[in-house]
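> Please read through the structure below; I'll follow up with questions.
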Amino acid sequence: TSADVVILGAGPAGLTLGNLLHAAGIDCVVLERADRAHVRTRARAGFLAANTVRILERHGLADGLHRRGHPHGTCEFRTGNGSFRLDYGTLGRGERHTVYPQQDLVTDLLTHYLDAGGRIRFETEARSVREVTGPRPTVDVREADGRPGRWRARYVAGCDGRHGAARRSLPASALRHHRDHGVTWLGLLAEAPPSLDAVGYAMHPDGFAGHMARTADITRYYLQYEPGVPGDAWSEERIWAALDRRMYTAEHGPLHHGRIVQRSVINLESDVVEPLRHGSLLLAGDAASLPAPAAAKGANLAVLEAELLAEALIDEFSRSDSRALDRYSRRCLDHIWRAQEFAHWMIQLLHAPAGADAESFFHEAMRRSRVESLRTSRTHQDWFAENYVGI
Ligand code: RFL
């Protein structure tokens, strides 16, 4: 059990990397903790940036999203003082999102990888990565049958998310920048068609509510939620009542209600591991950085980093040229901090400060002013569009 590159995790990062390395003839294997059905059905992201689509096109991985994804270029902000829409697809760089559920993208990547003869082990959990500073790192795993096993590699790509083995195996010298934004969301998937032809961001005195299309009959909603309250505490009636009120349906018309088929509590947190390379252990995707999901950047960063990492590893294996590997962390961190800054800006835009003191009052007044600037300033709108779709 060995491979030149052992990839931990079969999410967007790991499977993009696996496809690119395998296509270049590099010996790699993907180790995935979950079973195949779980990997193919885990619903999360849905908004792919134009650059993500270009990367997937470049490597022949975009057929599914071209067939079943939908272009999207409008968002709508609703407040107590009325609403406004931004056609961000015609602002900034004029780029649009492609709405394509993450589980469909992951399924496409997996199918392509397997059809090409790529190696993957499901239900194989990485426990730790050892000897990362040396030239022959190893990965201790628990195999599908529960027995311990070991993989030898020349490089280990940690694409196993924020709670994976790669992060647990970082040397003490790794820096972890972390921020808890102090905001909690209840993330919902409703069996209902979208109610707006735009991404909806509603800022209500009760808290934020968000609306994002997924498919013709599934819509994602977010509700700002009391921290510490379990996700199943609210009945469906209470959820729809809160969504109706916060989305100002009395003014803007009703939402299509439907069964809530998934709910999860999301604490808005951001973090970055620095650097992304520790000897022969390289991080990509959520394992490298978690941008709070307020700006829909995570899956897009994962694909971008996977491409940069694949290019660097291909240089290393095919030409013994390690310059791109040396630059990998720096290049990714530039994109990561840009995404982090924008996610932070979005969080500040969408949520009222928690307190009722003078300081909170001041911040709330600034927030209103920011919304007003976004409503009226073309320059601000261009900046928003560029950052919203860009990566
Ligand atoms: P993933 O997708 O979490 O995949 C990691 C894989 O690693 C496996 N794993 C292990 N395997 C072996 N050994 C271990 N010890 C392992 N530990 C874990 C897991 O089973 C899994 O299969 O990470 P990756 O590839 O880095 O991709 C990151 C994205 O999934 C994530 O950033 C996005 O989903 C974030 N995100 C969004 N990003 C966008 O770009 N656009 C969006 O619209 C968007 N919406 C969202 C989101 C995240 C959300 N959640 C999860 C809070 C909406 C939500 C609700």
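The values are calculated or read from the model by the stated rules, or taken from the named source; none is laboratory data. The structure presented is a predicted model; accordingly, all values stated were derived computationally and were not measured. Note that each Cβ is placed from the backbone with ideal geometry, even for glycine, and that neighbours are counted across all protein chains shown.
> Which one is farthest from the ligand (Cβ to nearest atom), of the residues in segment 252-302 that are acidic (Asp, Glu) and not in a helix (DSSP H, G or I)? Let's see the steps before the verdict.
So the first thing to find is which residues in segment 252-302 are acidic (Asp, Glu), and the list is 269, 271, 274, 286.
Keeping just the survivors that are not in a helix (DSSP H, G or I) gives 269, 271, 274.
Values: Glu269: 10, Asp271: 12, Glu274: 17 Å.
Applying the filter and picking the extreme gives Glu274.
> Tally up the residues in segment 108-130 that are out of contact with any Asp or Glu (no Cβ under 8 Å at 6 or more places or on another chain), surrounded by fewer than 15 Cβ atoms within 10 Å (Cβ to Cβ) and in contact (Cβ under 8 Å) with a residue 24 or more places away in the chain, please.
2
> Mind checking whether some residue in segment 153-161 is at pLDDT 95 or above and among the basic types (Lys, Arg)? Talk me through it step by step, then tell me what you get.
Of all residues in segment 153-161, those at pLDDT 95 or above come to 153-161.
Narrowing further to those that are among the basic types (Lys, Arg): 154.
Yes, segment 153-161 has at least one match.
Every residue, every condition in (1) under 22 Å from Ala13 (Cα atoms); (2) in contact with a Pro (Cβ under 6 Å, 6 or more places away or on another chain); (3) aromatic (Phe, Trp, Tyr); (4) near the ligand (Cβ under 10 Å from one of its atoms), yes or no:
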| residue | (1), (2), (3), (4) |
| --- | --- |
| Val139 | yes, no, no, yes |
| Trp151 | yes, no, yes, no |
| Gly164 | yes, no, no, yes |
| Arg214 | yes, yes, no, yes |
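> Do we find a residue being among the acidic types (Asp, Glu) and more than 18 Å from the chain's Cα centre (by Cα) anywhere in segment 167-183? Full working, then the answer.
Of the residues in segment 167-183, the ones among the acidic types (Asp, Glu) are 180.
Checking which are more than 18 Å from the chain's Cα centre (by Cα) leaves us with none.
No; the residues of segment 167-183 include none that is among the acidic types (Asp, Glu) and more than 18 Å from the chain's Cα centre (by Cα).
> Here's another thing I want to ask about it. With Ala339, Ala365, Ala354 as the choices, which residue is in a helix (DSSP H, G or I) and farther than 21 Å from Gly82 by Cα? Reasoning before the result, please.
Working: Ala365 fails: farther than 21 Å from Gly82 by Cα; Ala354 fails: in a helix (DSSP H, G or I).
Result: Ala339 is the single residue among Ala339, Ala365, Ala354 that is in a helix (DSSP H, G or I) and farther than 21 Å from Gly82 by Cα.
> At least 1 residues that are within 13 Å of the ligand (Cβ to nearest atom) in each: list the strands (runs of 3 or more DSSP E) lying fully within segment 16-123 that qualify.
Values: elements: 28-31, 70-72, 75-79, 82-86, 97-99, 119-121.
Answer list for segment 16-123: 28-31, 70-72, 75-79, 97-99, 119-121.
> Has segment 364-379 got at least one residue that is among the β-branched types (Val, Ile, Thr), surrounded by fewer than 17 Cβ atoms within 10 Å (Cβ to Cβ), closer than 30 Å to Phe208 by Cα and modelled with pLDDT of 95 or more? Before the answer, list the steps.
Of all residues in segment 364-379, those among the β-branched types (Val, Ile, Thr) come to 371, 376, 379.
Restricting the remaining residues to those that are surrounded by fewer than 17 Cβ atoms within 10 Å (Cβ to Cβ) gives 376, 379.
Add one more test, that the residue is closer than 30 Å to Phe208 by Cα, and what stays is 376, 379.
Filter once more, keeping what is modelled with pLDDT of 95 or more: 376, 379.
Checking segment 364-379: at least one residue is among the β-branched types (Val, Ile, Thr), surrounded by fewer than 17 Cβ atoms within 10 Å (Cβ to Cβ), closer than 30 Å to Phe208 by Cα and modelled with pLDDT of 95 or more.
> With exposed (fewer than 13 other Cβ atoms within 10 Å of the Cβ) and within 28 Å of Leu8 (Cβ to Cβ) as the only criterion, which of Ser169, Ser173 stands out? Lay out the reasoning, then the answer.
Working: Ser169 fails: exposed (fewer than 13 other Cβ atoms within 10 Å of the Cβ).
Matching residue, one of Ser169, Ser173: Ser173.
> Can you find a residue that is over 23 Å from the mean Cα position of the chain (by Cα) and not small (Gly, Ala, Ser) anywhere in segment 284-302?
no
> While we're looking at this one, here's another question. For Glu359, state whether it is at pLDDT below 95, in a helix (DSSP H, G or I), at negative phi and more than 28 Å from the chain's Cα centre (by Cα).
yes
Every residue, every condition in (1) without any contact (Cβ under 8 Å) to a residue 12 or more places away in the chain; (2) exposed (fewer than 12 other Cβ atoms within 10 Å of the Cβ); (3) under 22 Å from the mean Cα position of the chain (by Cα), yes or no:
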residue: Gly210; (1), (2), (3): no, no, yes
residue: Ala213; (1), (2), (3): no, no, yes
residue: Arg220; (1), (2), (3): no, no, yes
residue: Leu223; (1), (2), (3): no, no, yes
residue: Ala241; (1), (2), (3): yes, no, no
residue: Arg245; (1), (2), (3): no, no, no
residue: His252; (1), (2), (3): no, no, no
residue: Val261; (1), (2), (3): no, no, yes
